[in-house]
Each structure stands twice: as structure tokens, then as C-alpha cells.
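Working notes for the structure below.
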Amino acid sequence: MIVLRPDRVEFEYQVWEGVVRVAIDRVSTRTLEGHDELGPFASFVDVARQRVLIRVTQEIDADNLEAPAPGDLGQLELIAGSGSDAQRRRVRCECVVESVQNKFSDYGATRSIVLIAQSEAGNVDPVEISLL
Amino acid sequence: MASTFKGLNLFTSGPHRFEVHRQGRRVVPLSAIANDPSIAGTIETGDHELRVSVHGRLVAESESALDALREAITDQAAYQVPAGDLIDHHGRTWQDVKLLHVEWDGGIDRGRALSVGYRAEFGITG
């Protein structure tokens with residue numbers, strides 16, 4: 001899932017300004033593959049554990065001393081819009097900050113924040129998408 | 001074809017493979033028999049007993065269904081449960097073997113389905 005230039009991004013009720021993109025990736029951290037004796041291909045594949053990784057990229061155009069820190073837990077909420085109220089969606093998830101990295105170039109500075117979503121019960125998708 | 005033990009489909013809920021273990025003469029160091037490390041040499045004491053293991057994964061849609069699959073296997077591994085024929089996917093048969101024990105490969109994995117890995121060892125004793 002990719003959201004380009006979301007209308008608003010908040011983390012634990014604090015607005016993150018200048019967000020240019022949010023990517024939500026899902027990767028397996030435990031893949032089960034089983035083979036029988038009838039041929040070379042797996043006859044059973046399942047993903048028993050998965051990680052939902054959220055990467056937020058901000059453009060920073062002024063001094064900024066309020067970056068989140070790894071380990072911070074909070075609710076990330078973003079509004080993905082299309083320029084009008086139609087099809088606007090709210091994406092919410094509870095997540096933990098894994099890393100915060102800043103990069104500089106001749107064209108400006110960007111901050112990349114990586115978060116990992118968590119599900120309270122473990123059996124519900126932590127990313128909740130709703131129409132506004 | 002489906003594998004069976006005593007006609008039961010114990011393993012067909014998920015992927016599984018058969019493995020035949022060491023075969024041939026059983027050679028024992030004399031030092032082990034005499035409990036004396038200074039004694040050299042070995043002695044043949046017959047053939048290795050047949051051991052066949054089945055390793056795979058039980059797959060179910062619910063906790064209770066997975067429990068039932070596990071119990072069906074452990075029931076066959078209990079003391080004094082009689083031997084029977086083990087037949088693999090290709091019809092290869094090991095006659096009058098007992099399910100000696102089963103080991104579970106970690107806990108239950110909960111993905112699209114519930115599943116647990118296992119290794120069940122069959123053999124002839126006595």
C-alpha cells in the first residue's frame with residue numbers, strides 16, 4: 001500500500017508535517033513450506049508470522065527537534081485524499097517506531113521513519129482502513 | 001495414493017515424507033560391552049532394527065480439529081498398542097511396525113491454517 005502526499009499524518013495525536021509518502025509493506029517472518037513425496041513442488045505453504053512495516057518519508061524544510069524515538073508506541077493515523085472529499089480514506093494503526101533517519105542533499109533534507117504495526121490480539125489486521 | 005498406518009489416515013492432513021534410517025549390521029565396540037576403554041576392536045551383534053520416520057505437518061482449520069489429529073497419532077504411540085502396516089504415498093509397505101514415539105516440532109503455527117510439525121518414528125522392537 002502506498003499513499004502519496006497524504007492530506008494529514010498524525011502519530012499519537014501529534015501532526016507530522018511535510019509527509020510526502022507512506023508505504024505500508026507486509027513481509028513474512030515465518031514461512032512454512034511443506035513437501036510431499038510426489039514431486040518437487042511445495043504442497044503446503046503458509047505464513048505463520050508477518051510483519052507490517054510502515055515507512056513514512058517527510059520533507060524537512062526547517063529546524064526540527066521533535067523526532068520520535070525508536071520504541072515509541074502510538075497510533076498512526078493518516079488521511080489519504082484525492083484532492084476532493086470523494087474517496088478520502090483514513091488509515092489507522094497502532095505501531096512502534098523502529099528507526100528514524102535523516103538524509104541531506106543539495107536539494108533539501110528528508111526524514112524516514114520506520115514503524116512496525118502491532119495487533120492487540122494478534123489475529124486482527126492492525127491496519128484499519130475506513131472511508132471518511 | 002494416501003499414506004496410511006493400520007489403514008488410518010494419520011498424516012494426510014498435510015505434507016509429509018518418509019525416511020528409512022540406518023540399515024545393515026550393528027557393530028558395537030568391545031570397549032562398550034566390557035565398559036573398559038582399553039579394549040580394542042568391535043563385534044557384530046546382529047542387524048539394526050528397522051526404523052522408519054514420518055516427518056511433516058498436521059494442518060487443520062480449528063484448534064479442536066488439530067487436537068484431534070494429534071491425539072489420533074499419540075493414541076497409536078501408547079504402550080501395548082499393537083503393530084500394523086505402514087504404507088507410504090507410493091504403496092511401499094513396512095509390515096508389523098509400531099509407532100514408537102512422536103515429537104512435535106515446536107508450537108502451533110497460526111497462519112491461514114493451524115498447523116504443527118512432527119516427526120513420528122516407527123519400528124520393530126524385540
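What's the extension gain from A:V96 to A:L73 if we count 0.36 nm per residue and subtract their Cα-Cα distance?
7.8 nm
Per residue, how big is the convex hull around the C-alpha atoms of the range B:64-126? Give it to me in cubic angstrom, could you?
Hull volume normalised by residue count: 104 Å³.
Peptide B:14-20: average number of partner chain Cβ atoms within 10 Å per residue?
For peptide B:14-20, the averaged partner shielding equals 4.
With a 10 Å Cβ neighbour count serving as the proxy for reagent exposure, in which order, fewest first, do B:H16, B:H90, A:H35 appear?
The order, fewest Cβ neighbours first, is B:H90, A:H35, B:H16.
Apply the Debye scattering formula to the protein assembly as shown, with a single equal point scatterer on each alpha-carbon and no solvent, then give log10 I(q)/I(0) at q = 0.15, 0.17 Å⁻¹.
Log10 of I(q)/I(0), two decimals: -1.03, -1.19.
Label-point separation (nm) for A:R51 and A:F104, each offset 7 Å from Cα along Cα-to-Cβ?
Result: 3.0 nm between the two label points.
Take B:A65 and B:H89, extend 7 Å from each Cα along the Cα→Cβ direction, and tell me the distance between the two endpoints in nm.
Here the answer is 2.1 nm between the modelled labels.
Given the C-alpha centroids of the range B:1-69 and the range A:92-113, what is the distance between them in whole angstrom?
Centre-to-centre (Cα) distance: 54 Å.
With chain A treated as a Gaussian network of Cα nodes joined by springs under 10 Å, which of A:V15, A:V97, A:V27 yields the largest mean-square fluctuation?
For chain A, modelled as a Gaussian network with Cα springs under 10 Å, the answer is A:V27.
For a footprinting-style exposure proxy, rank A:E128, A:E66 by other Cβ within 10 Å, fewest first.
Taking fewest neighbouring Cβ atoms as first place, the list is A:E66, A:E128.
Taken together, the values in this text are just the output of simple stated rules run on the coordinates, not laboratory data. Just so you know, these numbers come straight off a predicted model, no measurement behind them. Glycine gets a Cβ as well: all are built from the backbone with ideal geometry, and neighbour counts include every protein chain shown.
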